[in-house]
Amino acid sequence: MTLTRRQVLLLLPAAAVAWESVLAGNPEVAPNYTTTEHWWGMLLDITKCIGCGSCVRACAMENDVPDGYFRTWIERYHVTDWHIENPHVDSPDGGKGGFPSDAETGGRNFFVPKLCNHCTDSPCTQVCPVGATFQTPDGVTLIDYNYCLGCRYCIQACPYGCRFFHPTKHTADKCTLCYHRITKGLTTACCEACPTGARQLADLKNPKDPIHAFLKTHTVQVLKPHLATGAKMFYNGLDGSVR
Amino acid sequence: MEGFMYPNEVELQWSVLIVLYPFLTGLVAGAFILASLERVFRVEEVKPTYRLALLTALAFLIVAPLPLQLHLGHPERSFEMYLTPHRSSAMAMFGFVYLWYLMAVLVLEIWLDYRRDIVLLAESSRGWKRPLYRLLTLGSYNISAGALRVDDRAGWLVTLIGIPSAFLLHGYVGFIFGSIKANPWWSTPLMPVVFLFSAMVSGIALVLLMYMLTSLLRRTAIDMRCLDTIAKYLLYTFIIDFTLEMLDLIHRIYESDESFRSLDFMVHTRLFISQIVFQIFLGTLLPIGLLAATQLVKFTEAARKRIYAFAGILTMIGIFAMRWNVVIGGQLFSKSFLGYTSYKMGFVTREGLVPAVILLVLPFVILFVLIKILPPWHEENIGALHADGTD
């Protein structure tokens, strides 16, 4: 069979796409793990968080997070009766080393652990020009570091400030919900390191997961619900002042 | 840094290069729309600037993607936007809108308009220019009256398609910002419309300035009828642009949603000089006032020229400030609305001042080369043709 020049020109784009697919290779397979059987989220119990920073340190160590950037961090809120809408918040070094004792008196102090919300309708995956950031069938938002252009549009689109530009990879980066661990039956590094159980990984598709009982008996909230991102980080005891 | 920022927010993601991108594409869209006034709407007065406007648009369009490339963490992967575009991403469409506008509209229109000149120049020129013009003919040497009529008709059609394409090019740039619900400074459905009208304002001002500058350099008389008409269009589009921006502002002030206090503080502090002083007073109200004065008072030609030049320069500063305030301003406050950061521009860094200045100068260098290859002045072409004895 002979190909005309026209046919070759028509085939070139298709061949380029096919070659891209070959280069992408196959995703790593975790034995005994079926993505469609899980739907991951996390329960963050503000009433239990003591702001020790173990989760931040564990995350940084587990995921080789560069200094000054955070896949997870802790915020300390100080809310007084007169300033509910304008709380005083700090997060020195993301709370990695804990918090210095608070000199402020009156009002309430509490800690809020933050991380990627692994939103069901995530604005970050929506805006990625090449689909380098995507949602897995088990509900985790990930980044393909070999594909990301480093345009940082996703960082702008995240309402929660969870993404950063990796200084050496030159791509966007963020929490992976320790995907390399949870697909092997382990929990995330931050959940494992938390001494008070303030963070609990939750599989919403697993009927035996304790999250279901918890959700039935507690009032939980997600961050910035008005943005309708379908956030899957459920907060117990979330104060209205938290942004 | 002041107040509380989410820890990852401290670093600004989009630098001065991303300010340049909407500024440059705006100039392209605006210059093209001015050119189309003559072609489609038969505004004969602006005819002396038709070709200059097209070449200006092309020069700026060639440079428009460069700041983006320089900004990317992995510029070598940018072609992925063509191979595997993510359909839900506004940015993914950039490559296609850009290519469409460059190849299907601007280059085609310029080629059709210049085809007769190119053919004649291919026959009359000597040395290295000859193969260049022969290449530019694309093998089409037929310049009979019938063929030129077809060119003219096709050019008209391309311009007709070009107008919505120019709207698409810049309206879409506005959509890139306007569709980010996470950022209240950007998130408004007015953003694409504001971007579009500000693009027209900047493009018209640029062509006005280029026409005056080239006339000065060539020591030729300025067609005042043309200049007055361009200035009039500049005033009208400026009034629409300013009205839209004020509508957005009034709406924000009256609604005063959760982000208002934070944004209001920013406008009164970090953005005061660039927003209130440069964008609104020096870059909008003053040029509108000057242009309106020329409509109300009978000035001499020399005075009008000075006023137009001054208003044009102020307009360019104002529109650049507007792009700055959108792009940089949108990153100075925390999405927690509890704190503010500041932008420190590098100097000779990859995204610093020097590359930005080079990218601002580059379109003028390209335009100079384009003008040398394809002179937009009719009398010169005719001269060349007469010298050859073919016309």
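The values are calculated or read from the model by the stated rules, or taken from the named source; none is laboratory data. Because the structure is predicted, anything quoted here is derived from the model rather than measured. Neighbour counts are summed over all protein chains in view; Cβ atoms, including those assigned to glycine, are modelled from backbone coordinates with ideal geometry.
Odds and ends about this structure:
Results for (1) over 18 Å from the mean Cα position of the chain (by Cα); (2) within 14 Å of chain B (Cβ to nearest Cβ); (3) under 18 Å from A:ARG199 (Cα atoms), shown as yes or no for each residue.
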| position | (1), (2), (3) |
| --- | --- |
| A:VAL8 | yes, no, no |
| A:TRP19 | yes, yes, no |
| A:LEU43 | no, no, yes |
| A:ILE46 | no, no, yes |
| A:ARG71 | no, yes, yes |
| A:ARG76 | yes, yes, yes |
| A:PRO92 | yes, yes, no |
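- Restricting region A:94-122 to residues that are away from chain B (no Cβ under 12 Å) and in contact with a Cys (Cβ under 6 Å, 6 or more places away or on another chain), the residue that is surrounded by the most Cβ atoms within 10 Å (Cβ to Cβ): A:PRO113
- Taking region B:133-192 as the range and being small (Gly, Ala, Ser) and either closer than 30 Å to B:VAL327 by Cα or within 16 Å of the chain's Cα centre (by Cα) (or both) as the test, the residues that pass are B:GLY162, B:SER165, B:ALA166, B:GLY171, B:GLY174, B:GLY178, B:SER179, B:ALA182, B:SER187.
- Residue pairs whose Cβ atoms lie under 6 Å apart, sitting 6 or more positions apart in sequence or on different chains, and linking a residue in region A:125-141 that is more than 12 Å from chain B (Cβ to nearest Cβ) to a partner that is in a loop (DSSP other than H, G, I, E, B) and of a type in the set (Phe, Trp, Tyr), are A:GLY139/A:TRP39.
- Qualifying positions in region B:90-128 - within 14 Å of chain A (Cβ to nearest Cβ) and not in a loop (DSSP other than H, G, I, E, B): B:MET91, B:ALA92, B:MET93, B:PHE94, B:GLY95, B:PHE96, B:VAL97, B:TYR98, B:LEU99
- Taking the criterion of being away from chain A (no Cβ under 12 Å), farther than 14 Å from B:PHE195 by Cα and at pLDDT below 95, the only residue of region B:1-30 that qualifies is B:GLU2.
- Within region B:171-192, the set of residues being more than 14 Å from every other protein chain (Cβ to nearest Cβ) and either over 18 Å from B:PHE238 (Cβ atoms) or crowded, with 20+ Cβ neighbours inside 10 Å (or both) comprises B:GLY171, B:GLY174, B:THR188, B:PRO189, B:PRO192.
- One residue alone among B:LEU338, B:LEU286 is more than 14 Å from chain A (Cβ to nearest Cβ) and out of contact with any Pro (no Cβ under 7 Å at 6 or more places or on another chain), and that residue is B:LEU286.
- From A:ALA202, A:ALA189, A:ALA231, residue being among the hydrophobic types (A, V, I, L, M, F, W, C) and either closer than 19 Å to A:ARG57 by Cβ or without any contact (Cβ under 8 Å) to a residue 60 or more places away in the chain (or both): A:ALA189
- Filtered by the rule that a residue be within 14 Å of chain B (Cβ to nearest Cβ), surrounded by 15 or more Cβ atoms within 10 Å (Cβ to Cβ) and more than 21 Å from A:CYS175 (Cβ to Cβ), region A:201-243 gives A:ASP239, A:SER241.
- When region A:128-156 is filtered for residues that are crowded, with 23+ Cβ neighbours inside 10 Å and among the hydrophobic types (A, V, I, L, M, F, W, C), the ones remaining, listed by number, are A:CYS128, A:VAL130, A:ALA132, A:VAL140, A:CYS148, A:LEU149, A:CYS151, A:CYS154, A:ILE155.
- Selection from region B:38-78 of residues that are among the basic types (Lys, Arg) and either free of Cβ contacts under 8 Å to residues at least 60 places away in the same chain or not in a helix (DSSP H, G or I) (or both): B:ARG42, B:ARG77
- Region A:142-163 - residue that is more than 18 Å from A:LEU223 (Cβ to Cβ) and within 13 Å of the chain's Cα centre (by Cα) and, of those, nearest to the other protein chains (Cβ to nearest Cβ): A:ILE143
- For the residues B:LEU206, B:LEU263, B:LEU227, B:LEU290, the requirement of being under 26 Å from B:GLY171 (Cα atoms) and either outside any helix (DSSP H, G or I) or within 24 Å of the chain's Cα centre (by Cα) (or both) singles out B:LEU206.
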